[in-house]
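**Q** Structure in structure tokens, see below.
The values are calculated or read from the model by the stated rules, or taken from the named source; none is laboratory data. Not measured: the values here are computed from a predicted model. When we count neighbours, we look across all protein chains shown, and the Cβ atoms used for this are built from the backbone with ideal geometry, even at glycine. Surface areas here come from the heavy atoms of the whole protein model, side chains and all, with no ligands, DNA or RNA. Shrake-Rupley method; radii C 1.70, N 1.55, O 1.52, S 1.80 Å.
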Amino acid sequence: PIGDIGYARVLAKSRRPYTTTDGHICVLIYTDPQWQRFLKETGRHDLLDDERFQTLASRAEHIAFVYDTAAEIVATQSTSQWLEVFERLEIPAAPISTLESLRDDPHLQAVGMFRDISHPSEGDLVMPDAPVRFNHESMSLQQLQPRLGEHSEAVLREVGLSAQQIEAMRATGATLTPGGQNE
């Protein structure tokens with residue numbers, strides 16, 4: 001080893017989705033022309049001739065400063081504003097979805113990513129569907145997620161425990177019955 005432990009680019013504090021005024025966004029400003037367009041667009045003319053932004057090698061050498069600067073700039077506008085800017089500048093970018101917003105994602109809706117099901121103990125649920133289709137059809141749902149304790153007895157028998165040992169485990173609360181309750 002000839003340097004510090006770790007890869008500076010990965011370990012940089014600001015190497016993560018950038019915070020916007022209303023959420024987060026992933027951005028890949030990578031090439032020299034992309035950085036030049038980004039800095040011009042954001043009015044950071046003071047950095048256009050800064051050697052730290054000139055080449056991939058110099059950006060890598062000063063990666064923490066580069067990422068911190070980008071994070072500071074991106075924090076000034078909303079995700080939708082940045083998506084428009086990055087689209088125009090031909091810089092790859094995508095919004096970060098929250099669990100709450102995934103169901104409203106246009107692409108996930110278009111590909112039918114979610115399935116509504118009724119679970120016997122959990123009620124109505126939304127779950128991700130299989131990501132592949134056969135003849136434009138979703139795969140059939142063979143079995144729902146097991147309830148807590150549903151397979152305990154079968155698994156314990158499979159590993160060689162006797163009925164008495166399983167019953168002793170139930171009595172101490174070490175395992176559950178199929179309904180999820182200790183007897």
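**Q** With label points built 7 Å along Cα→Cβ from the Cα atoms of His119 and Ala171, find their separation and express it in nm.
**A** If labels sit at His119 and Ala171, their model points lie 3.2 nm apart.
**Q** Taking the chain as a Gaussian network, where each spring joins two C-alpha atoms under 10 Å apart, which residue of Gln34, Gln77, Gln143 fluctuates the most?
**A** Gln143
**Q** Per residue, how much accessible area does the chain have with a 1.4 Å probe, in Å²?
**A** 69
**Q** Still on this structure, I have one more. Once you have the Cα-Cα distance between Val155 and Gln36, take 0.36 nm times their residue separation minus that, and quote the gain in nm to one decimal.
**A** Using 0.36 nm per residue and subtracting the Cα-Cα distance, I get 36.8 nm.
**Q** Another question, if that's okay. What is the Rg over Rh value, at two decimals, for the range 118-167, using alpha-carbon atoms and the Kirkwood definition of Rh?
**A** Value, to two decimals: 1.18.
**Q** If you line up the long axis of helix 63-74 against the longest principal axis of the chain, both from Cα atoms, how many degrees apart are they, to the nearest 10?
**A** Around 90 degrees separate the two axes.
**Q** Could you give log10 I(q)/I(0) at q = 0.09, 0.16 Å⁻¹ for the chain, computed by the Debye formula over C-alpha point scatterers of equal weight, without solvent?
**A** With one equal scatterer per Cα and no solvent, log10 I(q)/I(0) is -0.63, -0.98.
**Q** To the nearest 0.05, how large is the calculated FRET efficiency for Glu61 and Cys26 if R₀ is 30 Å and r is the Cβ-Cβ distance?
**A** It comes out at approximately 0.80.
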